Every structure is written in C-alpha cells, then in structure tokens.
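A.B. asks: Please read through the structure below; I'll follow up with questions.
The values are calculated or read from the model by the stated rules, or taken from the named source; none is laboratory data. This structure is a prediction, so every number in the text was calculated from the model and none was measured. Please note: Cβ atoms are built from the backbone with ideal geometry, for glycine as well, and neighbour counts cover all protein chains shown.
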Amino acid sequence: MSPELAKPFINATKHVLLNTAALEVMAGKPYVKQDRSASGSVSALIGITGDCRGMFAISFDRSTAVHIVRQMLGDAIEDIVQDVQDAMGEITNMISGHARLGLVDMGLKLQGSTPSVVMGDNHTISYRASSRAIAIPFSCQAGSFTLEFCFD
C-alpha cells in the first residue's frame, strides 16, 4: 500500500476537526500497524467498498473524545456516552468523505458504510483486508488519537 494514500486522510482530518471542533491537529509519521489493538478507548469504524475494499477507523483516547464533543456541542451535552458515540461517528463519517474525495484525485473511487462506534478500554480493530493497516498518529491540545486505514 502506497504511503501517498495517507495524504488525503491527513488533510481530511485536519480540515474536519478545525471546522467542526475548532481544533488544530498535527499528524505524526504514518506507520504500518503490527497488531489489532485500538490506540484509544473510543473507536469509530467505516467499511470501504468500490475500487478496493477495506476499512477506515479512528481511535480517540477518552479525554480527547470528550473535548471534541464539548467543542462541537458547547454546553448542550445531555448524555455524555450517547453524545460521544454520535459525535465520533459523525466526525469519522466526515473525515472518510473528505478523504475519499482526495482518493478520487488519485484514481480510487470508494464508498463508505455507516460508521459504527466501539467504546471501552483495550478493544481491538479487525481488518478483513489481507494487507496491513496504515496508522497515522495525531496530536492536539486535547490529547491524541490515531487514524487507521487498510485497503485490498
């Protein structure tokens, strides 16, 4: 899998979080993931179909997820668990959509499924694709998170 594929995901993540949560994020160096452990306690996953098949996921540590939700909703949080689930799913969906637009420019036409959100410490992310996932660590004033993607 080409490292160039990481660029649309990095650009999309920066754009979406700046515009939805007024959050500036910095991408670390992409790497090939060696295990299935999620890097955080809140993960949102989207299946990918089209010119290739795979998955896209973002794992947030709990405090980063809560900070992002507070930035998005202000003091309108009613049910923190439900609001975090909904917001992380929506952010992941927006990032996936923006990244897929960037991938079209690289000749890949992809569709994304409805996001699913997994919450809890020490969960894993299983990819159905035969290749290894690429992980991109991000940091911001709220904490850290990791974006992952894997395509066949």
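A.B. asks: When Asp83 is evaluated against the numbered criteria (1) free of Cβ contacts under 8 Å to residues at least 24 places away in the same chain; (2) part of a loop (DSSP other than H, G, I, E, B); (3) of a type in the set (D, E, K, R), which criterion, by number, is the only one it fails?
C.D. replies: In the conditions (1) free of Cβ contacts under 8 Å to residues at least 24 places away in the same chain; (2) part of a loop (DSSP other than H, G, I, E, B); (3) of a type in the set (D, E, K, R), Asp83 misses (2) alone.
A.B. asks: Might you check whether a residue that is modelled with pLDDT under 90 and either under 21 Å from Glu4 (Cβ atoms) or among the acidic types (Asp, Glu) (or both) occurs anywhere in the stretch 36-47?
C.D. replies: Among the residues of the stretch 36-47, not one is modelled with pLDDT under 90 and either under 21 Å from Glu4 (Cβ atoms) or among the acidic types (Asp, Glu) (or both), which makes the answer no.
A.B. asks: If you don't mind, there's one more thing I want to ask. Please go through the stretch 105-143 and give me each residue that is at pLDDT below 90, over 15 Å from the mean Cα position of the chain (by Cα) and over 20 Å from Ala65 (Cβ atoms), ordered by number.
C.D. replies: Correct list: Asp105, Met106, Gly107, Leu108, Arg128, Ala129, Ser130, Ser131, Arg132.
A.B. asks: Taking the stretch 33-68 only, how many residues are crowded, with 24+ Cβ neighbours inside 10 Å, under 22 Å from Arg100 (Cα atoms) and over 10 Å from the mean Cα position of the chain (by Cα)?
C.D. replies: So the answer is 1.
A.B. asks: How many residues are assigned to a helix (DSSP H, G or I), in contact (Cβ under 8 Å) with a residue 40 or more places away in the chain and aliphatic (A, V, I, L, M) when one looks only at the stretch 87-115?
C.D. replies: Of the residues in that region, 7 qualify.
A.B. asks: Between Gly28, Gly102, which is within 17 Å of Gln141 (Cα to Cα) and touching a Pro at 6+ places or on another chain (Cβ under 6 Å)? Don't jump to the end; show me each part of the working.
C.D. replies: Working: Gly102 fails: within 17 Å of Gln141 (Cα to Cα).
Result of the check over Gly28, Gly102: Gly28.
A.B. asks: Still on this structure, please answer the following. Kindly evaluate Ser131 against the criterion of being assigned to a loop (DSSP other than H, G, I, E, B) and either touching an Asp or Glu at 6+ places or on another chain (Cβ under 8 Å) or at negative phi (or both). Let's see the steps before the verdict.
C.D. replies: Numbers: assigned to a loop (DSSP other than H, G, I, E, B): yes; either touching an Asp or Glu at 6+ places or on another chain (Cβ under 8 Å) or at negative phi (or both): yes.
Yes, satisfied.
A.B. asks: Can you tell me which residue in the stretch 1-32 is modelled with the highest pLDDT, limited to those that are under 19 Å from Leu103 (Cβ atoms) and in a loop (DSSP other than H, G, I, E, B)?
C.D. replies: Restricting to residues being under 19 Å from Leu103 (Cβ atoms) and in a loop (DSSP other than H, G, I, E, B), the top hit is Pro30.
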